[in-house]
Amino acid sequence: MANFSTELIKLADTIIDEKEKSILLAIIDLLQSDLLSGHSCSNLAVVSNKLNQSSDQIRKLLLDSGLAAPMNLDNKTGGSPVIPAKPIVIFHNLVYLNRYFYYEYRVATKISQLGKVYPDSDKALSILEQLGAIRNTHKLPNQAQFAAIQNCISRQLSIITGGPGTGKTTTVTLLLWALSNLYYNDKLNVKICAPTGKAANRVKESIMNSLEFFKRHELPLECDLFTMLFANSSSFTTIHKLLGYRQNSIYFRHNETNSLDVDILIVDESSMIGLSLFSKLLSAIDPLKTRHIIFLGDRNQLSSVEEGYVFASLVKSESLCHYESPKAKAQLLQPELFQIDDIASGKNQQLVSELLVSNRSNGEISKLSLAILCGNLDLVYDLLAEGSQTSLRPLNMSELMSELFKTGDCWDRYGNFLQENAATKIDISEVFLAFNQQVVLSATNNGFFGVNNLNLLIEKRIKHKLSINEEWYTGRPIMILSNDYALGLFNGDIGICQICDSQKIVVFPDGRSFIPEILPRYQLAYAITIHKSQGSEYNNVNIVLPDIKQLEEIYSRELIYTAVTRAKHRVTIFSSKTNLDRSILNQLERNTGLQLMLQSQI
Ligand SMILES: Nc1ncnc2c1ncn2[C@@H]1O[C@H](COP(=O)(O)OP(=O)(O)OP(=O)(O)O)[C@@H](O)[C@H]1O
């Protein structure tokens, strides 16, 4: 992005008229700042408003400067429209840097190319009948899950969205069983990927748990596919690994000219995928080779850290549940009063299947997250006041530390665990298990209540408990902050230190270990940002919303929903009422032209 704007500024500098030049430079500045905030483009009306010019004046100035060209998707003179070779593209009322227009356009094109709807075959019908029989006897899958499976079987590309515990993984596991039976004679090449290593490991674990669940409930769903999946080390992977990352390159080994050799592709945590990666992933899919591609995710979570709004746009392009409608609100908050069939959103052949009912026993946390989604402040505060699993505390460091180090709980328990095992050669998987029980999530890295300071304070207490002064000790958790393709370590990966024969190593959940000196940039991981917590879950989550003026903009419904839904058993929010209100009432929307493009029948 930096190169783009440097080039653009150079071009704008050649404009002779000083007034025009200054407006152009201001537009470039706004474009860049929108990209940094996650938008893929700028809204012409907003730009003109900020610069005190009319939209027509801004459009004319951009076009006359020679820096921009209009793009009209309806204007197809033989084949697909050609994207103008200008640094700026104006599409409807949106202003793009050329590259980002190209990414969105490529996503939209690919989505329409992957829109194959398969006719109902006898075999498919018979498999659905078998699944229907299982449903009758075992009450699983439920109606919405069944409809989602039906949708996915009948379409080349489909989306399953739903909050935590709504049964996305269960549905996908059943779907894999159905597909392996459908294509019985073929040796299916199935890949299951996610944007981060942590999320890829989690989906693997969740599918294993689903299979265990089926076994316990005696569902007759044995098939070789699962044995094959778990035997092949590359079945569960990150999107970067799947596409074949290359060191020091933004290009992958797999692309439109060297497509992925995969029959069925499942992509988990899709809301975390930024625009450029989404575009590159779809480009590497050959519609003639890949039979099914299924995107899974929670459309209400925070969007990717990078620019783009792809998953939410795709879901919105065919959205069925509007949280603002009174009926939807009533259904969401008291699903037990409604028949599951009322809520089931899937119908045969829909692109998007939405699962709404949580199967988790933690009723309070799912109610709280739904009240947040509905923007119902009264209900949120009632739930926080009355709940045994949910609570609101004032933002106060001594209250926070007493909660985190309550005797025998949270980080105190982790400290006890490390202390009890200090003399033995501890099994690192047990350390991970103890560590992953709890987390502190802050909205920011900096400041008194930021991740950096919280980590220092927590570590000080842990070290005090262990009576040590050393920097590295068994149990010290760190989070990697940048990608290192050579080591195969990625932003967000968490490792834990183990001292073996006086040597310190950092072990990662896949068992690989490194000496700390060769690790890419990292930070302590007792506390992490809410953004970094996406794709993870913990029993006990403590959320901190610091009072920092600059943070007001980032406080949003998506942020607080993402933080709350990381919790499985307990969530405590440390915040002022102002910040919590602000978070719940502020719904983020990113600028994007993707929905317009999808409607344009590319
Ligand atoms: N139809 C159902 N009836 C009863 N239990 C179910 C049903 N579907 C899923 N479950 C159970 O609910 C729990 C959550 O399901 P699952 O892991 O599939 O949800 P998920 O949406 O993938 O969750 P997450 O987003 O946290 O990964 C599991 O214990 C699963 O066995």
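The values are calculated or read from the model by the stated rules, or taken from the named source; none is laboratory data. All figures in this text were calculated on a predicted structure; none of them were measured in a lab. Cβ sites come from the backbone with ideal geometry, for glycine too, and all protein chains shown count toward neighbours.
Please count how many residues of region 138-161 are surrounded by fewer than 20 Cβ atoms within 10 Å (Cβ to Cβ) and touching a Leu at 6+ places or on another chain (Cβ under 9 Å). The total comes to 3. Evaluated against (1) more than 10 Å from the ligand (Cβ to nearest atom); (2) surrounded by 18 or more Cβ atoms within 10 Å (Cβ to Cβ), Pro164 falls short on exactly one condition, (1).
Scanning region 386-398 for residues that are modelled with pLDDT of 95 or more and exposed (fewer than 14 other Cβ atoms within 10 Å of the Cβ) turns up Pro394, Asn396, Ser398.
Screening Ser65 with (1) among the hydroxyl-bearing types (Ser, Thr, Tyr); (2) touching an Asp or Glu at 6+ places or on another chain (Cβ under 9 Å); (3) buried (at least 22 other Cβ atoms within 10 Å of the Cβ) gives one miss only, at (3). Among residues of region 388-413 being more than 28 Å from the chain's Cα centre (by Cα) and not in a helix (DSSP H, G or I), the one that is farthest from Asp547 (Cα to Cα) is Gly408.
So that you can scan it fast, the table gives a plain yes or no per residue for (1) crowded, with 20+ Cβ neighbours inside 10 Å; (2) assigned to a loop (DSSP other than H, G, I, E, B):
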site	(1), (2)
Gln523	no, no
Asn540	yes, no
Pro546	yes, yes
Tyr561	yes, no
Val571	yes, no
Thr578	no, no
Asp581	no, no
Gln587	no, yes
Arg590	yes, yes
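When every residue of region 92-111 is checked against the conditions, none turns out to be assigned to a strand (DSSP E or B), farther than 30 Å from Ser37 by Cβ and in contact with a helix residue (DSSP H, G or I) (Cβ under 6 Å, 6 or more places away or on another chain). Leu225 fulfils the conditions (1) in contact with an Asp or Glu (Cβ under 7 Å, 6 or more places away or on another chain); (2) surrounded by fewer than 21 Cβ atoms within 10 Å (Cβ to Cβ); (3) of a type in the set (A, V, I, L, M, F, W, C) except for a single criterion, (1).
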